[in-house]
Amino acid sequence: MDLPLRLLNGETLYRDVHHIYPPFAPYFNAQLYRIFGVQLATLKFSGAICAVLILLMIYWLARRLMSVREATVTTGLVLVICAIKSTANYIQPYAYAALYGFLFALASLVCTVRFVRNEQQESRDRLMMWAGVFAGFSLISKPEIALATWAAAGAALVMESVSARKPLGRAALYFILPVIAIVAAAYGLILTRVPLHVL
């Protein structure tokens, strides 16, 4: 709770405030405090919104592989085991970086799955671009979770390339360029305020 408040009061992440994760979560939470007020309820509300979105994406992904009943049971298990358990749940996570990173990684996976199932080139390019955007935000939230987005997109591109018998460099660029842009922008802004050796 204190970290976003310190940023809101003018301190700088990594220089004034020690933080082991990338910058997205503390700065995003500071903006939530600015808009909705400095209170635990603000962060809990953010966690609740993330929980709902995660559960909807889990259900959507499960439905690609399972029946309605099986997907419902799967989503219910995620709800009980992860979303509302008594400790470190989605509403009050052990680290908001992990929650946001997971949310963005799932969104990237949804876009990647839709890319594989879509046949219209323009829609496929847009889906791979959005997969890259969400992968970039996942990377500046929690990098180890973001690795799953790279693995999923890479596997999808390789499978598509093999089945189409042609390279999918254009689709790969649509994924990679947003990731690079988001990471460069986030850390570029940090480096304007924090020396590289501190970072």
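Which order do GLU70, GLU122, GLU160, GLU11 take by accessible area at a 1.4 Å probe, largest first?
These residues rank, largest area first, as GLU122, GLU70, GLU11, GLU160.
Tell me which trypsin sites (Lys or Arg not before Pro) from segment 100-168 have a DSSP coil assignment and no more than 11 other beta carbons within 10 Å of their own.
ARG165
Of the residues LEU189, LEU173, LEU147, which exhibits the maximal mean-square fluctuation in a Gaussian network model of the chain defined by a 10 Å Cα contact cut-off?
LEU189
Kindly provide the helix-only [θ] at 222 nm of the chain, computed as the sum of -39,500 (n - 2.57) over DSSP H runs of four or more divided by all residues, to the nearest 500 deg cm²/dmol?
After summing the helix terms and dividing by residue count, I get -24000 deg cm²/dmol.
In whole Å, what are the Cα extents of segment 97-136 along the three principal axes, biggest one first?
35, 15, 7
Under the definition of Cα pairs under 8 Å and six or more residues apart, what whole-number percent is the relative contact order of the chain?
22
Can you give the FRET efficiency to the nearest 0.05 for VAL68 and GLN120, using r as the Cβ-Cβ distance and R₀ = 22 Å?
0.20
Just to confirm, what accessible area per residue do you get for the chain at 1.4 Å probe, in whole Å²?
The answer is 55 Å² per residue.
Which chymotrypsin sites (Phe, Trp or Tyr not before Pro) in segment 89-180 pass both tests, a DSSP loop state and at most 15 other beta-carbon atoms within 10 Å?
TYR94
On the Cα set of segment 1-101, report Rg and Dmax in Å, please.
Just the Cα atoms of segment 1-101 yield Rg and Dmax of 16.0, 51 Å.
Could you point to the label whose value was computed as Kirkwood radius over Cα pairs in Å for the structure here, given (i) 18.1; (ii) 16.3; (iii) 17.5?
(i)
How far is helix 143-164 tilted, in degrees, relative to the longest principal axis of the Cα atoms in the chain, given as a value from 0 to 90 rounded to the nearest 10?
So the inclination is approximately 20 degrees.
Please list the non-local residues whose amide H lies under 5 Å from the amide H of VAL17, H modeled 1.01 Å from N, same-chain partners needing a gap of 5 or more.
When sequence neighbours closer than 5 places are left aside, the close amide H contacts are THR12.
Between 0 and 90 degrees, rounded to the nearest ten: what's the tilt of helix 24-36 against the longest Cα principal axis of the chain?
70
With the full set of protein chains in place, find how many percent of the accessible area of the chain is carbon and sulfur; take the probe as 1.4 Å.
67
The values are calculated or read from the model by the stated rules, or taken from the named source; none is laboratory data. Every value quoted in this text rests on a predicted model; they were computed, and no experiment measured them. Note: ideal-geometry Cβ built from the backbone for every residue, glycine included; neighbour counts use all protein chains shown. All accessible areas refer to the heavy atoms of the entire protein, side chains included, with ligands and DNA or RNA removed. Shrake-Rupley method; radii C 1.70, N 1.55, O 1.52, S 1.80 Å.
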